[in-house]
Amino acid sequence: MADYINLANKEVENKNYNDAIKYLELAIKNNEYEACSNLAMFYITGLNVEDNIDKGLELLNLGEKHNDSKSISMLGDLYYNGKYVAKDYNKARSYYEKACDLNESHAIGMVGLLYYNEENYTEAVTYFKSGVTFYDQNSMFYLGLCAYNGLGMDKDYTLSFMLFDRLYGYGSRNTELIKYLADSYFNGYGINQDINKAKELYETLSDNESLFNLGLIYKNYLSNYEKALETFKRVKSVESQFEQALMLYNGLGVVENKNDAYFKFYACAASKYIYSYPFVGDAYFYGYGVKKDYNEALKWYKLALDNNIPNQYINIASVYMKLKNYNEAINYLDNEVDSVNKYKLMAEAYLKLKKYDLAYNTFYKAYELNDSYSTYSLYKMTKKGKGCKKDKDLAIKYYLKYMELIVLEDSENK
């Protein structure tokens, strides 16, 4: 007996559509109802026949009557997409679920998608996992999304990367898929971080987030500041404005101009971009682009602290030092993590308060971290006997250490 469906497929491969249609018609006459969906597509799309939606639906309904899973799934697609028939998700679900019972892979993924769109992620994941076992690419993509974002399951970057990478290997060039794959390489989610692969993928995308990440790659990983600046300028977002301000502030890819950078930082702060707050504080503290105003600097540093931006205790303490409120400076420094800068500033506050023993002990902590300024301060205090016993030999020891540190710093700065 002739295998009409196989013969029809061969004619389709050779683009002999008229002969393919004839074989499909013979297959249906021969009760090979799986041919219904293939023939229906010719009538629905008008390929080599006059488009006839009713004829296409008639063939799909015939296939459904005889439990052809692909015909049933196609009926679900028609009602899901609202193409050629009125959109009706209930009818779509009914057809998809019937096709699921016949293990039709596409239908399994589509039922999962219906649950996904209803935000019933747990049920969606169940269907997507089933669809993946039948190699349904729709199920692979959405199971990857669920694993990546922790929807209906625990986050599993290893699984999401595996699924996205597999789809990409199958030839899928869905922009959302490419973005998730690029983000995985960029962040090291489910795979070792690979900046070059992330760059390659981001370069095929045009959405703001992808372009922004591409700019970060040029700036932070490749030190290609001109390309980074060019890329950031293509992105309309406050994050991109902030990065441009940072580059202007530090002279990366552009002539350093802290005064002009202030205006960009202030624009970001006006949009409540919290990472710009300390830089606006710096502008008022140092007089970048505006007149020095320590109270205004204090306001912005405290706003940054309220938003958990690090290193603000030192910034705030620095303002209080300028305002000669040394006790308040010490109070804020007490909350700062231990560091050379903390010890130096705190020691200076103790000096202003004439608490020389505390100043000496605090400078000593910075000295133990090889800070040249604190070492020189210990030399002077030991030489004069301030906050400690006067000791000429110890003073010489501190001075020699100070000279050693200065030489080391000079060599490192060359």
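Only the coordinates and a few stated rules stand behind these numbers; no lab work does. Values in this document were obtained by computation on a predicted structure and should not be read as measured data. A quick note on method: Cβ atoms are made from the backbone with ideal geometry, for glycine too, and the neighbour counts reach across all protein chains shown.
Packing-based ranking of 79-92, 234-247 yields 234-247, 79-92, ordered from highest to lowest mean Cβ neighbour count within 10 Å. Rounded, prolate or oblate: which fits the range 254-388 when a ≥ b ≥ c are the square roots of the eigenvalues of the alpha-carbon gyration tensor, with rounded for a/c under 1.5 and prolate only if a/b beats b/c? Prolate shape, in that a/c is at least 1.5 and a/b is the bigger ratio. Each peptide in 136-144, 43-51 receives the mean, over its residues, of other Cβ atoms within 10 Å, and ordering these scores from highest gives 136-144, 43-51.
Against the main long axis of the alpha-carbon atoms of the chain, helix 157-169 sits at an angle near 50°. Note on the range 233-273 and the range 151-214: Cα centroid distance 28 Å, given to the nearest whole angstrom. Applying the Karplus relation 6.51 cos²θ - 1.76 cosθ + 1.60 with θ = phi - 60° to the range 186-196 yields 3J(HN,Hα) values of 5, 9, x, 8, x, 7, 4, 3, 9, 5, 5 Hz, where x marks Gly and Pro. Here r is the Cβ-Cβ distance between residue 9 and residue 193 and R0 is 41 Å; the resulting FRET efficiency, rounded to 0.05, is 0.35. A simple packing score, the average count of other Cβ atoms within 10 Å per residue, orders the peptides 359-368, 117-126 as 359-368, 117-126, with the highest score first. For the range 340-414, what class follows from the C-alpha gyration tensor (a ≥ b ≥ c being the square roots of its eigenvalues): rounded when a/c is under 1.5, otherwise prolate if a/b is larger than b/c, else oblate? Judged from the Cα gyration tensor, the range 340-414 comes out oblate (a/c at least 1.5, b/c at or above a/b). Exposure proxy ranking for 333, 7, 59, based on other Cβ atoms within 10 angstrom of each Cβ and starting from the fewest, stands as 7, 333, 59. Would you list, by chain and number, the lysines whose Cα falls below 28 Å from the Cα of residue 233, excluding same-chain residues fewer than 8 positions away? Residue 233 reaches 179, 197, 199, 219, 258, 264, 272. Between the range 44-121 and the range 306-344, what's the alpha-carbon centroid distance in Å? About 66 Å separates the Cα centre of the range 44-121 from the one of the range 306-344. For the range 296-414, the relative contact order comes to 15 percent (Cα pairs under 8 Å, sequence separation of at least 6). Principal-axis analysis of the Cα atoms of the chain puts helix 372-384 at an angle of about 20° to the longest axis. Dipole magnitude for the chain: about 3160 debye, using +1 per Lys or Arg Cβ and -1 per Asp or Glu Cβ, origin at the Cα centre. Applying 1/(1 + (r/R0)^6) with R0 = 60 Å to the Cβ-Cβ distance of residue 308 and residue 134 gives a FRET efficiency near 0.80.
Extension gain, residue 275 to residue 204, is 22.6 nm, computed as 0.36 nm per intervening residue step minus the present C-alpha separation. Our estimate of slack between residue 339 and residue 226, defined as 0.36 nm per intervening residue step minus the Cα-Cα distance, is 37.3 nm. Spacing of the modelled spin labels on residue 410 and residue 41, each 7 Å from Cα toward Cβ, amounts to 7.9 nm. Once the chain from residue 331 to residue 352 is taken as fully extended at 0.36 nm per residue, the excess over their C-alpha distance is 6.1 nm. With the helix formula -39500 (n - 2.57) applied to DSSP H stretches of n ≥ 4, the chain reaches a computed 222 nm mean residue ellipticity of -22000 deg cm²/dmol. Taking a ≥ b ≥ c as the square roots of the Cα gyration tensor eigenvalues, the chain comes out prolate, since a/c reaches at least 1.5 and a/b is larger than b/c.
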